[in-house]
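Inspection log for the structure reproduced underneath, given as structure tokens.
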Amino acid sequence: MAKTHRKLSIGEIIKRFIFITIGAVAMAVALEIFLVPNTIIDGGITGISMVLSKITPVALGAFLFIFNLPFLYIGYKQIGKTFALSALYGIIVLSVTTVLLHDVQPFTNETILAVLFGGLILGFGVGLVIRYGGALDGTEIVAILLSKKLRLPVGQIVMFINVFIFIVAGFVFGADSAMFSIFTYYIAAKVMDIVVEGLDESKSVTIISSDYEEISDAINDRLGRSTTLLYGKGGYSKEETQMIYCVVNRLEVSKLKTVVQEIDKNAFISIQNVADVLGGSIVKKDIH
């Protein structure tokens, strides 16, 4: 059992800060080149900062930095020093880049294009920073903490928090702007979850069948996936059996169901989404 926190290597630190820099710059581009010129706001602390920067002469970057400081302290206390430093660096890069890009001409004045491309770039940038251990918005820090307790994706939690902010923004910028902003953040939230969780979405599969040994061998041979046999007992029949547990990617789900049903048409199959898969013996083996 590890009793001390493992320090990051120099290579890991460099890699982390490179990707956090890319993510923060991407978010700044989305804000200053697509969203702000078209009166489309982001959610969270960023959205509040965008509203205030519109009605005051203070730069967006200043609000972003000042308003996020309390949440950085929460992140430091609840998640750790490494996270807090990574988030602080990302927010500094974001704030400085928004100042540098403020006078740059927008890529488009078409609201729909701004919503689509702004949302995509925003989600990519935020997701990249979260994936590499940082955050760019105080609400993300709260969402990361809630995600661990509620077992919900970070993007969904942030979107719920932002509903109130978008309603308030509707009174400041108008209903059209608020509705476009909601669509923008929906796109950003989906892209963010893809970046954080990865494109290779995994599925956990639990199979209950009296032919568990044959099914397990078939999954090993025909899909190249290792399986784990778990003890089970029927709640009604009281019969003891073995349940098969394995992890596959989404492209293998159809083949797995075919393999199982070829052996036992009445087999019980339960399939669930898996946010992340690390280590163990779940690495796919060659089948040819």
Positive dipole terminus of the stretch 1-97, leading residue within 52, 89, 9 (C-beta point charges): 9
Listed values (1) 1, 5, 12, 16, 18, 17, 13, 9, 6, 3, 1, 0; (2) 1, 6, 14, 19, 21, 18, 12, 6, 2, 1, 0; (3) 1, 5, 11, 14, 14, 11, 9, 9, 8, 7, 6, 3, 2, 0, 0, entry calculated as P(r) over Cα pairs in 5 Å bins from 0, in percent: (3)
Simple Cβ-charge dipole of the chain, Lys/Arg +1 and Asp/Glu -1, about Cα centre, in debye nearest 20: 860 debye
Candidates 59, 26, 218: whichever shows maximal mean-square fluctuation once the chain is modelled as a Gaussian network with Cα springs under 10 Å: 218
Highest-MSF residue in the chain out of 137, 42, 103 [GNM, Cα springs under 10 Å]: 103
Rounded tilt (10° steps) of 212-223 against the dominant C-alpha axis of the chain: 50 degrees
Degrees separating the helix 154-173 axis from the principal Cα axis of the chain, which is the longest one: 30 degrees
Whole-angstrom gap from the stretch 206-264 to the stretch 40-115, using each part's C-alpha centre: 48 Å
Length gained when the stretch residue 238-residue 226 is fully extended (0.36 nm per residue, less Cα-Cα span): 1.5 nm
Degrees, to the nearest 10: 10-29 long Cα axis against longest axis of the chain: 60 degrees
Theoretical FRET efficiency, 1/(1+(r/R0)^6), r = Cβ-Cβ of residue 109 and residue 69, R0 30 Å, to 0.05: 0.30
Amide hydrogen neighbours beyond the local backbone of residue 243, cut-off 5 Å, H modeled: 230, 231, 232
Summed side-chain charge close to residue 39 - residues other than residue 39 whose Cβ falls under 14 Å, Lys, Arg +1, Asp, Glu -1: -3
Per-residue ³J(HN,Hα) for the stretch 234-242, Karplus 6.51 cos²θ - 1.76 cosθ + 1.60, θ = phi - 60°, Hz, x for Gly and Pro: x, x, 9, 6, 6, 7, 7, 8, 10
Cut-off 20 Å, label 7 Å out along Cα→Cβ of residue 164, residues of the stretch 71-98 by amide N: 71-75
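Read-outs: derived from the displayed coordinates by stated rules, not from any lab. Computed from a predicted model, the values in this text were never measured in an experiment. Note that each Cβ is placed from the backbone with ideal geometry, even for glycine, and that neighbours are counted across all protein chains shown.
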